[in-house]
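Heads up, the thing below is written out as structure tokens.
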Amino acid sequence: MTGTLASSAVPLNSLASVRVVPGRVLGAAAPDLDSHVARNGVLPYDLGTGPLVAEVEAAGLTGRGGAAFPTWRKLLAAAQGQRTVVIANAAESEPASAKDATLLASAPHLVLDGLQLAAAAINAQEAYLYAKDGPALVLAQRALAERQARGVDRTRVRVVVAPQQFVAGEETAVLAGIEGRDALPRDKARLVVEFGLRGRPTLVHNAETLAQLALIARHGARWFRGVGTAGEPGTFLATASAPGAGPVVVEVPYGTPLGELLGLAGLAGPVGAVLVGGYHGGWVPANPGLSLPVSRAALAAWDAAPGAGVVFALPPTACGLDAAARILAYLAEQNARQCAPCFTGLPRLASVAASLAAAGHPGNPGRLAPAGQRVLALPDPALPGELSRLSALVSGRGACHHPDGSVRMLRTALGTFAGDVQAHLDGYCLAGRRH
Ligand SMILES: Cc1cc2nc3c(=O)[nH]c(=O)nc-3n(C[C@H](O)[C@H](O)[C@H](O)COP(=O)(O)O)c2cc1C
Ligand code: SF4
């Protein structure tokens, strides 16, 4: 599986090879403050909390960090608190995502404008940029220094480097990382927006959400709603890839057909299935998947969602079961060893999935059938049932969404690749035969 998601987990989101198809947010790219202001206008600092929240509500902006929570609700809740904190989350801990680093590198001032607007709206005393190390962070730090020298920002922004672990971008892990502890999630008995960084009400927003906020403040809700669907307005940044191809960051309106998105990204090769929403996302078969609009409403029937915009196209010649098992192995390895379902459940699930995937593959010693055809050693027919049993045991029982997201990826793989599961149980892999 050369170049697929799990086998190239970390290299995929390095910036060097990212190709970009711009839209509104990426179309607002500017390398320095002067060109940013010339292109996008000055930061409308003095909108006031009420009008800004109302505009964001009218726009229908939702979080671009994965959960698609309405941004105005978080802004309003944080604005009720005292001594508040705001954090731009550019950890981009999803291995197949490159959109936040791309955004930060190409439009750093737009993200920083959004951070300042959010800080002003909730009267924040502290602001942070939490981002993974790399060229994008260097460019963002340069932009911050430029703003500081010109006295543009009202709230001072501190930079904290996010560790390269899958769970390090989860919002409670973000708090722990900024507090100087291991960046691991904690239980959410109290909402972060009420009890966050060092116990203070904290607003955590994805970097892209803040960039979209900065555009809404400038152009208004009606402009924002000019593209996308009525229920899911605006554009989003997608990171598209395929084995050996991409990542390509594409900006498209919600509702764009999945096949069109892949076409814009230049991934026009034959597709067997698509993983939508990243490692915690859902697998959809190419038919009807490629004609499905990328929106929560349209993908819900497939137990998938746009999430943070990761789209991975698997060719028909690859084994989906193998791809899912490799991703699950990565997710199991990335558990934070705090909750039993995650610590013991995910590795067990990953091992059963690996056995099922391996059963159809050449490494399996196999035996010869009467017709001379090689039949591989048959796996235990109870393996799919064991996967269902273990999935039910870990679901909903972690302190964070990691086990649930991992189980969703597996569950959708078992549905989309049901034919492959049966073939593997019979000692074959269909992948090589689908030319
Ligand atoms: C395991 C896990 C990893 C996450 N990683 C990220 C991340 O890298 N970046 C991010 O913005 N949100 C990430 N999130 C979502 C955050 O917890 C949080 O919902 C988000 O930063 C809120 O911003 P938004 O409202 O703008 O989407 C992750 C969530 C989970 C469960
Ligand atoms: S569910 Fe897993 S990743 Fe989440 S807090 Fe528990 S051990 Fe950590």
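The values are calculated or read from the model by the stated rules, or taken from the named source; none is laboratory data. Since the structure is predicted, the reported quantities are computational estimates derived from the model, not experimental observations. Note that we place each Cβ from the backbone using ideal geometry, even for glycine, and neighbour counts take in every protein chain shown.
Looking at the stretch 64-75, can you tell me whether even one residue there is touching a residue at least 24 places away in the same chain (Cβ under 8 Å), hydrophobic (A, V, I, L, M, F, W, C), out of contact with any Cys (no Cβ under 7 Å at 6 or more places or on another chain) and crowded, with 24+ Cβ neighbours inside 10 Å? Among the residues of the stretch 64-75, at least one is touching a residue at least 24 places away in the same chain (Cβ under 8 Å), hydrophobic (A, V, I, L, M, F, W, C), out of contact with any Cys (no Cβ under 7 Å at 6 or more places or on another chain) and crowded, with 24+ Cβ neighbours inside 10 Å, which makes the answer yes.
Report, by residue number, each residue of the stretch 339-365 that is modelled with pLDDT under 85 and surrounded by fewer than 17 Cβ atoms within 10 Å (Cβ to Cβ). PRO362, GLY363, PRO365, listed by residue number. The one condition from (1) within 16 Å of ligand 1 (Cβ to nearest atom); (2) touching an Asp or Glu at 6+ places or on another chain (Cβ under 9 Å); (3) under 19 Å from THR102 (Cβ atoms); (4) at pLDDT 95 or above that LEU137 does not meet is (2).
Just give me the residues in the stretch 162-174 being more than 10 Å from ligand 1 (Cβ to nearest atom) and touching a Leu at 6+ places or on another chain (Cβ under 7 Å), in sequence order. I'd like the intermediate steps shown before the answer.
Of the stretch 162-174, the ones more than 10 Å from ligand 1 (Cβ to nearest atom) are 163-164.
Within the stretch 162-174, no residue meets the criteria.
Every condition in (1) within 12 Å of ligand 1 (Cβ to nearest atom); (2) out of contact with any Asp or Glu (no Cβ under 9 Å at 6 or more places or on another chain) holds for ALA121 except the one numbered (1). Residues that are touching a residue at least 24 places away in the same chain (Cβ under 8 Å) and within 9 Å of ligand 2 (Cβ to nearest atom) within the stretch 306-339 comprise GLN334, ASN335, ALA336, GLN338, CYS339, listed in sequence order. Residues of the stretch 210-257 that are hydroxyl-bearing (Ser, Thr, Tyr) and within 12 Å of GLY23 (Cα to Cα): THR235 alone. With respect to the conditions (1) closer than 19 Å to ALA214 by Cα; (2) crowded, with 23+ Cβ neighbours inside 10 Å, VAL152 lacks only one, and its number is (2). Of all residues in the stretch 390-402, those being more than 9 Å from ligand 1 (Cβ to nearest atom) and either part of a helix (DSSP H, G or I) or touching a Phe, Trp or Tyr at 6+ places or on another chain (Cβ under 6 Å) (or both) number 5. When the stretch 217-246 is filtered for residues that are among the basic types (Lys, Arg) and assigned to a loop (DSSP other than H, G, I, E, B), only ARG225 remains. Meeting the requirement of 1 or more residues that are within 16 Å of ligand 1 (Cβ to nearest atom), the helices (runs of 4 or more DSSP H) wholly within the stretch 248-338 are 296-299, 320-333. When the stretch 182-203 is filtered for residues that are touching a residue at least 12 places away in the same chain (Cβ under 8 Å) and of a type in the set (Lys, Arg), the ones remaining, listed by number, are ARG186, LYS188, ARG198, ARG200. Please verify whether VAL274 is without any contact (Cβ under 8 Å) to a residue 60 or more places away in the chain, within 24 Å of PHE69 (Cβ to Cβ) and either hydrophobic (A, V, I, L, M, F, W, C) or surrounded by fewer than 24 Cβ atoms within 10 Å (Cβ to Cβ) (or both), treating the condition exactly as stated. So VAL274 does not fit the description; no.
Here is a yes/no grid of residues against (1) assigned to a loop (DSSP other than H, G, I, E, B); (2) polar (S, T, N, Q):
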site: ASP380; (1), (2): yes, no
site: PRO384; (1), (2): no, no
site: SER388; (1), (2): no, yes
site: ASP404; (1), (2): no, no
site: ARG411; (1), (2): no, no
site: GLY415; (1), (2): no, no
site: VAL421; (1), (2): no, no
site: GLY427; (1), (2): yes, no
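Set side by side, the residues GLY177, GLY231, GLY244, GLY220 differ, and just one is among the small types (Gly, Ala, Ser), surrounded by fewer than 18 Cβ atoms within 10 Å (Cβ to Cβ) and closer than 27 Å to ILE327 by Cβ, which is GLY244.
Restricting the search to the stretch 340-360, which residues are within 15 Å of ligand 2 (Cβ to nearest atom) and in contact with a helix residue (DSSP H, G or I) (Cβ under 8 Å, 6 or more places away or on another chain)? Reasoning before the result, please.
Just the residues of the stretch 340-360 that are within 15 Å of ligand 2 (Cβ to nearest atom), to begin with: 340-350.
Across the stretch 340-360, the qualifying residues are PRO341, CYS342, GLY345, LEU346, PRO347, ARG348, LEU349, ALA350.
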